[in-house]
Amino acid sequence: MIAGLLLVLPEFASASTAPAVRPEEPAATSAPAQNGAEPADAARARRAYALLKASERKDVADFLESELEHLPTFQMTLARWVLEHQDRDPLAWASETEAPYFDPARHAPAQPIARHRLAPNDPRAVAARRDLRVPLDPRAWTYDWSSGAILHRVEADTTERAFELALRGLPPRFDLVLALVERALDDGSQRKAHAAFAHAYTDRAGLVYPGITLYDAWKSGAEIEMPDVDCLGIVNTLLDDWTTWTSVVPGNKQDALYARIAELFQPVHRQRELRAAIAATFLQGAPDLCCGYEGSIDNFHALWEDCESTPANLGKRLPDAAGWTQFLADWVAECHRRGELFQRGVARRATLAAEGAEIRATLLRVLEEYGAFARLREATGTKDENRSQSGR
């Protein structure tokens, strides 16, 4: 019999911090949200872009970057400031590698089932990512919470990525800016735990699922398989406990083991997700947030305002995992007490949303001036009156 049971993850307390009574928002919030419903012209832009050759797409990316380089918006000013204050050439960071998995011979020697990595497009891997709500990450740059390093995904650093970002109202180097901001906000207090949960998610048959870590699996809140090797790998690594539970873990000890892992996961989850959510609001007006932070967007913008939109300043204000609850409660109270500050946060969100629309409009104008839309009209027989607004 294969050890390990299906585990239902515990629910973690909601992190929503939005004030119960919201000030009236300015009219500027009518601008399209960057991560909301996709603008109607996005599909047309993709069709035009698809007609371009690889060399032409590179031309469009260069053209777009040159047009945005001196765009005097708050959003672009923030992005440029972060990039100008990097401590090294971004290409000096290492490339991302596959997530490691716990060694069965070391952590579950009584049942050393060999591990086999699935291909990313294997139907079993695709189904697992769907069930655990872990889509393949398209970012070209990511922050590694377990090491404090930034990782470069060379295969994702493409002109197509820059195009998709611009359609969402984000600058070409958004991925790198986000990673740098996350790095500035991380206090490093949970790196050892992050390293443990950064191991690849596997199942009891020994399959290793690409693009899914144990952190992703636990964060999902879904029912998951927990083979002995992964459970014991976590407690062996984080607690240096090699005797309380050993392979094969008997049924009467499994619940206690899973509960202990949940206790180990909670501070990691709280420390990371708060910082990731706040980082997401650095350049985006209304990003898609998870883990209960969806109602906190204006509060986070107010926090950025209070810290002069400076990541190093804001990072000093963030709590460790133990102070998570009090920090969120205190900041809600502060937003209530300082209504003018909260209103500035609302205005910050509205400004970034509107400026995201400006980046998108710049992309459409670049496609028009480059002739991509003319090529689409020729291919589809569409008359000039259907040209994009940016090209009129």
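Observations, loosely collected:
- Projected-area average for segment 114-172 over all orientations - Cα convex hull basis, square nanometres: 6.1 nm²
- Normalised by the number of residues in the chain, the mean separation of alpha-carbon contacts (under 8 Å, six or more apart) gives a relative contact order of 30 percent.
- Over segment 143-210, relative contact order from alpha-carbon pairs under 8 Å, at least 6 apart, %: 40 percent
- Reported to the nearest whole Å, the Cα centre-to-centre distance from segment 99-163 to segment 208-286 is 15.
- Translational diffusion of the chain was estimated from the Stokes-Einstein equation, with Rh taken as the Kirkwood radius over Cα pairs; at 20 °C and 1.002 mPa s the coefficient is 93 µm²/s.
- Beta bridges per DSSP with both ends in segment 65-208, % antiparallel, nearest 5: 60 percent
- Global size of segment 83-148 as Cα Rg and Dmax, reported in angstrom: 16.8, 53
- Backbone phi angles across segment 132-138, fed through the Karplus curve with coefficients 6.51, -1.76 and 1.60 (θ = phi - 60°), yield HN-Hα couplings of 8, 6, 10, x, 4, 6, x Hz in residue order; Gly and Pro are listed as x.
- Karplus-derived 3J(HN,Hα), 6.51/-1.76/1.60, for each residue of segment 229-244, Hz, glycine and proline x: 4, 6, 4, 6, x, 5, 6, 5, 6, 8, 10, 6, 9, 10, 10, 4
- Residues ARG272, ARG365, ARG47 arranged by fewest to most Cβ contacts within 10 Å: ARG47, ARG365, ARG272
- Residues whose amide H falls under 5 Å from that of VAL208, counting only those 5 or more places apart or on a different chain, are HIS116, ARG117, LEU118, with hydrogens built in the peptide plane.
- DSSP bridge pairs, the chain: antiparallel proportion in percent, nearest 5: 75 percent
- Note on segment 149-188: Cα-only Rg and Dmax are 11.5, 34 Å.
Quick note: the coordinates plus some simple rules give every number you see, no bench work behind them. What you see is a predicted model; the values in this text were computed from it and never measured. Counting neighbours? That spans all protein chains shown, and the Cβs are built from the backbone with ideal geometry, glycine included.
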